[in-house]
Amino acid sequence: MPKVVQRGCAGCRPLATMAATERSTVDNDSLPRLRAAVQALPAYVAGRKASGADVAALASNESHYPPLPGVLDAIAGAATTVNRYPDMGTTRLRTRLAELNGVGIDEVAVGPGSVGVLSQLVAAVCDAGDDVVFAWRSFEAYPILCQIAGANAVRVPLTPDEGHDLPAMTAAITPRTKAVLLCSPNNPTGTAITLEALAAFLETVPTSVLVVLDEAYREFMAGEPDTVALYREYPNLCLLRTFSKAYGLAGLRVGYAIARPEIAEGLRRTQVPFSVSSVAEAAALAALDAADEVATRCATIAAERPRVEAAVRELGWEVPAGEANFFWLRCGDAERERLVAACADAGVMVRGYAGDGVRVTLADPASNDRVLAVLAAFAREDR
């Protein structure tokens, strides 16, 4: 038997030498503890799950359509090899994405959803105490990812029309700033940054600061902006995209970044090994093959947006001009709680944000009309 070497403070005893009754009464303060930053993390609040076929699931900006043509067959085919590790480099998917976007494969990094890729980005570029600047309110994961990495989350308030205040974001950049996060269209307000405004902003940002453009909802915009052309002009720009929304693969977790090779390589190095499964990669490739159907679905949802927004405005709500698959209702906490409850009572799940408002996913016309009916009754009774 090898000799066991015991280390520790004087007077400390290993658990193995204690009787069972002693181990059960060990003071919690003497046990392993989480980092203070992790203990202080706010919980990420996901949208409520639908609990029945008659419930309209409009809380998480998921696709209400079934999986795209070819996706289920691709999943079934890939499932036959789940006893083997996936390709850690997701080579087939990276190759396809590079071809579609006109970039090199060394400029593409794939990860477990765009939030997974963003987590890798923050870890790759930030040391403890560095700053990350972003608009607020924006995607709820941003401050969480910063806190995990030990970076300072610098929140810049939105403009009165719920958009990014780009001049204020420029003013928030300091020598400690390592990254700026832009969400366009912004989650949860739906407002988008024009290419012209984005280019003007990039002119004001030091080239040493990484600007991450989170494009999770780009497919729902009227004419997808050519952000790759802007990326070629500004090498400190990184594009962040996902298969969760327009491509309907929220349950499989696939996202990717387009960045200069040094950044993309850093993302691959910080990725949890094999975090994108072979099933997810196969499904993503099949989804790309269904590009025409994706475009049709996104156009159908986008066509509902002005109709719904106009109807909501007629009910007395101020709705920002959105370009995503959801709309935003700014309201105080008391009104937010009543509205979320009223929707739930009508079998409609929506997403409330403490202190800010309510986000409602756009879906098929019938589901959207159910929301309008709730808002109409709410306007009569509660506003």
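Computed from the coordinates by the stated procedures, all read-outs in this text should not be read as laboratory data. None of these values were measured; they are calculated from a predicted model. FYI the Cβ positions are ideal-geometry reconstructions off the backbone, even for glycines, and counts take in every protein chain you see.
If the segment from ILE173 to ASP87 were pulled out straight at 0.36 nm per residue, it would be longer than the present Cα-Cα gap by 27.1 nm.
Residues GLU262, GLU323 in ascending order of nearby Cβ atoms (within 10 Å, fewest first): GLU262, GLU323.
Rounded to the nearest 500, the 222 nm mean residue ellipticity of the chain from helices alone is -12000 deg cm²/dmol, with -39,500 (n - 2.57) taken per DSSP H run of at least 4 residues. Across region 71-290, the relative contact order, built from alpha-carbon pairs under 8 Å that are at least six residues apart, equals 30 percent. Taking 0.36 nm per residue of separation and subtracting the current Cα-Cα distance, fully stretching the chain between ALA40 and HIS64 would add 5.2 nm. Farthest towards the positive end of the charge dipole of the chain, among the residues PRO160, SER277, GLY355, is the Cα of SER277, using unit charges on the Cβ of Lys, Arg, Asp and Glu. Coupling constants for region 310-319 follow from the phi torsions by the Karplus curve (6.51 cos²θ - 1.76 cosθ + 1.60, θ = phi - 60°), and in residue order they are 5, 5, 5, 5, 4, 7, x, 8, 8, 10 Hz; glycine and proline get x.
Going by the alpha-carbon gyration tensor, a ≥ b ≥ c the square roots of its eigenvalues, is region 142-246 rounded (a/c under 1.5) or, if a/c is not under 1.5, prolate (a/b greater than b/c) versus oblate? Rounded, since a/c falls under 1.5.
For the listed peptides 228-239, 199-210, a ranking on the average number of other beta carbons within 10 Å per residue, highest first, reads 228-239, 199-210. Subtracting the Cα-Cα distance of ALA250 and ALA377 from 0.36 nm times their residue separation leaves 42.5 nm of extension gain. On a C-alpha basis, how far is the centre of region 124-165 from the centre of region 182-246 in Å? Whole number, if you could? Result: 15 Å between the Cα centres.
Nearest 0.05, what FRET efficiency do ASN28 and ASP333 give at R0 = 41 Å with Cβ-Cβ as r? That pair, ASN28 with ASP333, gives E of 0.75. At q = 0.09, 0.18 Å⁻¹, work out log10 I(q)/I(0) for region 71-290 with the Debye formula, treating every Cα as an identical point scatterer and leaving solvent out; two decimals please. Rounded to two decimals, the profile gives -0.34, -1.34. About the centre of its Cα atoms, the chain shows a dipole size close to 1440 debye [charges on the beta carbon of Lys, Arg (+1) and Asp, Glu (-1) only; nearest 20 debye]. Between the amide H of ARG137 and those of LEU158, distances stay under 5 Å, these residues lying 5 or more places away or on another chain, with hydrogens modeled in the peptide plane. Taking all C-alpha pairs of the chain, those more than 40 Å from each other amount to 23 percent. Ranking PHE139, GLY102, GLY266 by how far each Cα lies toward the positive end of the dipole of region 71-290 (charges on Cβ) leaves GLY266 at the top. When only the Cβ of Lys, Arg, Asp and Glu is charged (+1, +1, -1, -1), the dipole of region 71-290 relative to its Cα centre reaches about 580 debye.
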